[in-house]
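Here's the structure we're looking at; comments come further down.
FYI, it's all coordinate maths here, none of it is from the lab. Note that this is a predicted model, so its numbers are computed, not measured. Cβ placement follows ideal geometry from the backbone for every residue including glycine, while neighbour counts extend to all protein chains displayed.
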2 protein chains.
Amino acid sequence: MPENRGFRRGEGTRDKIVEAAMELFAEHGYKGTSVRKIAAKVGIRESALYNHFDNKEAIFMAIASRALSTPFDEKKDPESLSEYARKGKPFLHRFMTEFKLMTFDKKHERLFRFLVIELMQNEVLRRGFEKEFHEANIKTLSTGLFIMMQEGLIRSSDPIVTANAFLGQMFYVRLMVSLLKADGKPTTPYSTAFEKQLDFFWSSVSV
Amino acid sequence: MPENRGFRRGEGTRDKIVEAAMELFAEHGYKGTSVRKIAAKVGIRESALYNHFDNKEAIFMAIASRALSTPFDEKKDPESLSEYARKGKPFLHRFMTEFKLMTFDKKHERLFRFLVIELMQNEVLRRGFEKEFHEANIKTLSTGLFIMMQEGLIRSSDPIVTANAFLGQMFYVRLMVSLLKADGKPTTPYSTAFEKQLDFFWSSVSV
DNA sequence: GTCTATACGGGGATAGAC
DNA sequence: GTCTATCCCCGTATAGAC
């Protein structure tokens, strides 16, 4: 609805709204955040906010799509994926690194908190999480692991179960780090946790 | 505040309130649930509700303590614990079974949903989760795993990392099942997931 | 695109009768 | 211990001037 085409002055309000809402939603949840407070944080009145979004839910959706589109979204083409998988551990290392980066990145961390809060309350978000996070990651991982099994790099086992084992560990570490951060506590005990879980996993499966 | 001692008639209202609130909190979260709706679900007026609880937050606390006291709370004494650990896999099997039972039990499932929603929004709950869920489970598991390593049942490795690996898998499966349930979808794909992850884990670590 | 003003329903909570 | 009645604030959202 804002009619700024080109580079009109003063634009970016819409982005500011999303940014402010993201912070507030991540702290107090959707229902705990009022349109008033979002507007106040941006520095405008509520009514002005409605020039940019139809209603509060539209703001939610703008953030939800971000929270879901971020992880591992680079659409790795299957070719390079399987090529990478043939190397074994580096494939998992790269996966772990992406996870770790997201965990310690401020923006992604906010999105993660938002996601955890709303996951049980919003069906759209839940579906997105199941498909775009869980299924996508399990698919990537199990594909890679299957190749490693064929190459004789790791011992044979159900690739899906193996993928779940790895993803579960990564996710759990991420959750614990986010909880510490939410408390404002130091995350130093977890600074090498991702690496440790990866090493453990690799020594568990490699032949 | 209710002055029902003994078996006065009509008591149990307090429990009914907790029950009703639990259902609503698990669905809409704390902020998304009004005192009015809780009262309506119980079949009384809001004002009557205040005879049993000082305020809305007191109801929250009553539920929070339940959500935290339930898991693995039977205070297994260290003796029988280590004795059990010497058996190897049955120790982990029992742990997994408790997890599975809680996951598919309706009451525990509600508490879990409530916990996930409020975890990022309430510090008391977060602290409780860290101590009474995470730390307690890691301690139980790492102790058991350490014994198994000494007994030569499983390969040597950092017991904490090993415990995290196992707990992470269990937790992740539980989360995914809860998401499916929240969507009203069948959880059949996960009916044997816990067992599969356990078997995978065991074959990963056993010598 | 932002403002002031306003509508109006819903929220938590209390007073006082029964 | 429950009811009716009421208080007052806060929530989302809109109308219309600038």
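Observations on the structure shown:
- Shielding by partners for peptide A:118-131, expressed as the average number of C-beta atoms from other protein chains within 10 Å of each residue's C-beta, is 4.
- Reducing the range B:163-207 and the range B:20-71 to their Cα centroids gives an inter-centroid distance of 31 Å.
- The Rg/Rh ratio for chain A, using Cα coordinates for both the radius of gyration and the Kirkwood hydrodynamic radius, is 1.06.
- Dipole magnitude for chain B: about 560 debye, using +1 per Lys or Arg Cβ and -1 per Asp or Glu Cβ, origin at the Cα centre.
- Here the relative contact order of the range B:129-207, from alpha carbon pairs under 8 Å that lie six or more residues apart, stands at 32 percent.
- Short-range pairs are left out: with C-alpha atoms under 8 Å and at least six residues apart, the relative contact order of chain A is 21 percent.
- Counting from the shortest, the label point at A:R86, 7 Å from Cα toward Cβ, is 5.1 nm from the same position in each remaining copy.
- Over chain B, DSSP H runs of length four or greater, each weighted -39,500 (n - 2.57), average out per residue to a 222 nm ellipticity of -21000 deg cm²/dmol.
- Sorted from shortest to longest, the distances between the A:A136 label points of this copy and the other copies are 3.6 nm, with each point 7 Å from Cα along the line through the beta carbon.
- Other copies of B:K16: label-to-label distances in nm, shortest first, labels 7 Å along the beta-carbon direction: 5.2
- Cα gyration tensor category, rounded, prolate or oblate, for the protein assembly as shown with a/c compared to 1.5: oblate
- Neighbour cut-off at most 16 other Cβ (10 Å), DSSP loop, GluC sites (Glu not before Pro), the range B:62-164: B:E74, B:E151
- The trypsin sites (Lys or Arg not before Pro) of the range B:151-207 that DSSP puts in a loop, and whose beta carbon has at most 14 other beta carbons within 10 Å, are B:R155.
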